[in-house]
Amino acid sequence: MPTCRRKRVVLTEPSETLLQLAKTDPNKEVYYMQQTGEIFETYEAYAARMSFYRLRQFQCEVTGKSGLDYFQAIESELLEARTMHSRFPEQLKSAVLKAVQWQVMGRLDHLVEAVYERFKDRYFEEEKVFVDIQGDKFWATVVQVFPPKSSTTVDVAGPSIMTTTNHASASTSTSPESDLSPMSDDEPPPIHNLSGDLKIPAKDVNAKDDPAKYFYKVQILEEQNDKSHEKSKTTAKDRAKWNGSLMEVQCNVMSRDRLAFSKSILRRFVRDCVDRDPAVASPWTVKPAIAKRYGIDSEMPEATRKGVEDIKKGEIDKRKKVWEDKEGPPTKKQKKMTPAQEERAKALAIVNEKKEREVREKAEKQIKAKEEADRLAAEKKKKKPIRYPTEDLDVHLADKEKKAGMKIKRPVPSRVALPFSNDNVDFEAFLFAWNFLVVYGQPLHLSAFTLDEFEHAVRHSVIDPPCQLLAEIHSTLIYNLRTVPFLRHSAVVSLLHLKDQIDVEDEKDDTVLGVSIETLTTAMAEVGNNWERVPLRHTECREGWEDALVGCLKDHATLANFPQLRVILTRLLFAPESSEEPSASSMSSRTSSPISPPLTIESSPGERYYSLPYADKILILSFMCNLAVSSKAIHVHMESCEEQLTALRKEKIEVNRQKKAYVEEMNTLLGEAEAGKNLKDESETEHNGVEEEDLAMQDSSDLSDVPSEGGGEEGSESGSATPSANGGTRPKSSSRQKDLRQKAHNQAHAKQREAARAKVASAKQALADHRKLDEEVNKLERRLEGIEREFRKLLGCVRVKPMGRDRFYNRIWWFDGMGSASLLGSGGVVQYGTGRLFVQGPSEFDVEMLQRREPGEVNARRKEEEGEEGMLAVGEWAVYTDLEELDEFVAWLNPKGHRELALKNILTKWWPHIAPGVRKRIADLNTNAKLPEARRSTRVKSIHDITRDPYMQWQNRRAVSTT
């Protein structure tokens, strides 16, 4: 059995439930492991067990090889077992197994040693052995075994030849001792009668049944031992005469092949065939299958059982005594004490009892003190400061932070400020359509426009003047959808299937807005049939795009992928009888609008599109954008963006490497410049000191040149010593020496000044180089900023991700600067797409994460830190439009949490673009502000000119001239 970490691997037994199901539900499907025969109820249990077996942590119990999986270890054991069983003498197997059955021995080595000593000189019939004849070993077979007789005292030094059979002739010869041979007995006593009983000591067994007194009748085989043949001194002719001979030999000239019988082989055989319980003094037992094969009794005899129990009881008592007997041997019996000795013993006992009580009380106090210290340590450990950043919901504001002015409540984002907030429009679909059109403006050949311009374009509800933005958006999508595979008349087929599904009884209700399916399909037949070939030219203001839109919906849309198809087509192809039709805004507000009048008059899409509700317009655009995602142009553009992103990543690495090198060089140059500046100051100080020293030396030399009294010019010129007034002599200084000394002094100072000037010049050059490198670093930083902006633009084409999440898993979105939109215009002018920061409620998965916290904890914190009005439902949207609110929101974020730290870092990174975009949008709104429609008076002749609105002045500069 393979072992894992020195323990045998036990196979998994079927569970009680599985066994019960086998009786009640025999057809239940289970997972069966064929290699081991194990059965599992679930795939997870089966896979876990198989994964355990596949780990390379098992060891072959026979060979000791490690680093195997379970199946490799099993295969290794089976291979070794086959080899070992094929080599081990078959005649010995039964005798050895009978000997080891019910033996009580602690170690397997001791059992193997006892078996080997018992059977090494005992041989059995039909066993193949080596026989030593005159120094040569011959391979022979034991034909018959003769046990010793009590009257036989023959001591045979070598084999005696009984019969020699040659290939040519057969002759019989009898040895001189043939009459003394025990072969003449009719009923020999049992062979090796006591060899199997290992309980009897070896000396007693050999005394009663001596193996050296056994005689064995062997027959020499044709084969000879190769090794002995090589070392043999006899000739081949002498060896050939023994082939086929019958001999009578004893164990002293017999031996077994070491590959068939040795202590190591015997150990493998015994370990493979026997087992033992882990209990104390458990006997070795032969495995049931092997015992059955060799006819070994598996039922323990009563005498053997009693002996095993006695051994087990003795071993248990022995161990128990070792554990209990800790006070040493009992003391000797004391003599009877006198009354005085008894009094002293009682007093001593009282004193000892008092001391023991004090010691016990002291120990109890120490235990209590230790418990108290452990409790305080545990509390201190619990109050161990948290390592930040950590899980955001584990961060709580301390009183110190609250007093410091940390924001407790998040500013409430506005739901009303969202586009179409009161018109029952799916804001997410509106935002998706705008983001798709702006991000993929390059492959769609569409210039960027703001979210406000898109909103006003959708709200445009008059035919004249037409909205160029709407015409360009729909036209470029129609051109793109021409490349997407479609099914001709799929909308008509879908409507006809719907008609077939309606019962005859409900035929009177087969109308939507007063138009039946048959009437609608009839009207659709003549509209937009050639939409994939109609030229929607930019120079002609995309004339006819409304009919092409209906044709596109006819071939791309079905009731399955566009549930509002029937209603929208009805509104595009039919008009009401009355001229007073509800406005688009009132139709979009479904909660408060009256019932729409029936549409009974056929009309054209060009006349009816602008009267569609806002929700229908957004649904059309969202549907077309979803289809355009699968177009080839979009896919090619996304692949191009991926390649450009890779190039930008490489460029960023190179720019950062160059910047780092410049910064290191700048630091070196800055050190040189500082050293030059210090040297300049020191040189100026030294120069001033040198001048003062020169003046002092000049003065002193002038004084020394004054002639003394009694001296003349001749004495001075000759330089000879003249007697002084006090009788001494004074040397005269030569003017030439003074000049030389002064000249050397000046030259030394000149060299110093020249070296100083060179170092100062080098420092000035280093400073100039430092300025140049600083400019280069600034250029690299500006390039890194440009790379970040380009990276954001390209990444927005591949995937749009939120900027981050706050502590309650609300997602923060900023959509500016992605795709074809840019954060900076020509000349560094600030540009924006939304000019706002959007907040989206947590996803369903995030809500599950919140619910794993303690019950009521998250809701209480949300009410306190978000407020009732600020709590967003799953997927609900809100927006921050004011810069002050954004500042408060950023201040509310706590950098001690993982999510809010990442969010705050990325907001700080893009804040130089977020804040100017918000300010510019507010400024544009204030510039283009107009009076509300409710304040307009019909009596005033001047009507607001919508052509001056930004969305009407938008132009598509990316339009292809051919279209």
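Would you please put 277-289, 604-616 in order of how densely packed they are, using the mean number of other Cβ atoms within 10 angstrom per residue and starting with the highest?
604-616, 277-289
Here are some pairs, Lys120/Lys213; Lys7/Lys93; Lys400/Lys863; Lys793/Lys896; Lys93/Lys292; which of them have Cα atoms lying more than 19 Å apart in this structure?
Going by Cα-Cα distance, Lys7/Lys93; Lys400/Lys863; Lys793/Lys896 fall outside the 19 Å limit.
For an R0 of 45 angstrom, estimate the FRET efficiency from the Cβ-Cβ distance between Thr511 and Tyr31 and round to the nearest 0.05. Don't skip to the answer; put the middle values down first.
On the way: r = 58 Å, r/R0 = 1.29.
Efficiency at R0 = 45 Å is approximately 0.20.
Taking 25 Å as R0, compute the FRET efficiency from the Cβ-Cβ separation of Asn252 and Ile200 and round it to 0.05. Please report the intermediate quantities before stating the final value.
Numbers: r = 23 Å, r/R0 = 0.93.
With a Förster radius of 25 Å, E is 0.60.
Computed over the Cα atoms, what is the radius of gyration of segment 380-435 divided by 2.2 N^0.38 Å, N being its residue count?
Computed over Cα atoms of segment 380-435, the ratio equals 1.98.
Using 0.36 nm per residue, how much length does the chain from Leu11 to Met300 gain when fully extended, once their Cα-Cα distance is taken away?
101.4 nm
Can you give the Rg/Rh ratio of segment 3-80, where Rg is from the C-alpha atoms and Rh is the Kirkwood radius?
Across segment 3-80, the Cα-based Rg/Rh ratio is 1.07.
Please give the residues of segment 275-315, grouped as numeric ranges, whose backbone N is less than 14 Å from a label point set 7 Å along the Cα-to-Cβ vector of Met1.
275-279, 285-289
Starting from the Cα-Cα distance between Glu428 and Lys313, subtract it from 0.36 nm times their residue separation and give me the gain in nm to one decimal.
Going from the current span to full extension adds 33.2 nm.
Where a ≥ b ≥ c are the square roots of the eigenvalues of the C-alpha gyration tensor, would you call segment 833-881 rounded, which needs a/c under 1.5, or, failing that, prolate if a/b is larger than b/c, or oblate?
Because a/c hits 1.5 or more and a/b fails to exceed b/c, segment 833-881 counts as oblate.
Could the peptides 869-880, 292-303, 805-816 be put in order, highest first, of the mean number of other beta-carbon atoms found within 10 Å of their residues? It would help to have the intermediate numbers written out before the result.
Details: 869-880: 16.2, 292-303: 11.6, 805-816: 22.0.
Order by mean packing, descending: 805-816, 869-880, 292-303.
Describe numerically, in nm with one decimal, the distance between label points set 7 Å from Cα along Cα→Cβ at Ala929 and at Asp399.
4.7
Simple spin-label model, 7 Å along Cα-to-Cβ: Arg782 to Leu55 in nm?
6.1
Can you tell me the FRET efficiency between Asp739 and Gln765 if r is taken as the Cβ-Cβ distance and R0 is 51 Å, rounded to the nearest 0.05?
Using R0 = 51 Å, I get an efficiency of 0.85.
Given 0.36 nm per residue, what is the gain on full extension from Ser414 to Ser640 after removing their alpha carbon distance, in nm? Kindly include the intermediate steps, with their values, before the conclusion.
On the way: separation 226, 0.36 × 226 = 81.36 nm, distance 3.81 nm.
Difference between extended and current length: 77.6 nm.
Order these peptides, 25-36, 48-59, by their mean beta-carbon neighbour count within 10 angstrom, highest first.
Descending packing order for the listed peptides: 48-59, 25-36.
For labels at Lys355 and Ala755 in the simple 7 Å Cα→Cβ model, what's the distance in nm?
Taking the two extended label points, one gets 8.8 nm.
Values quoted throughout were computed directly from the atomic coordinates according to the rules given, and no laboratory measurement underlies them. Since the structure is predicted, the reported quantities are computational estimates derived from the model, not experimental observations. When we count neighbours, we look across all protein chains shown, and the Cβ atoms used for this are built from the backbone with ideal geometry, even at glycine.
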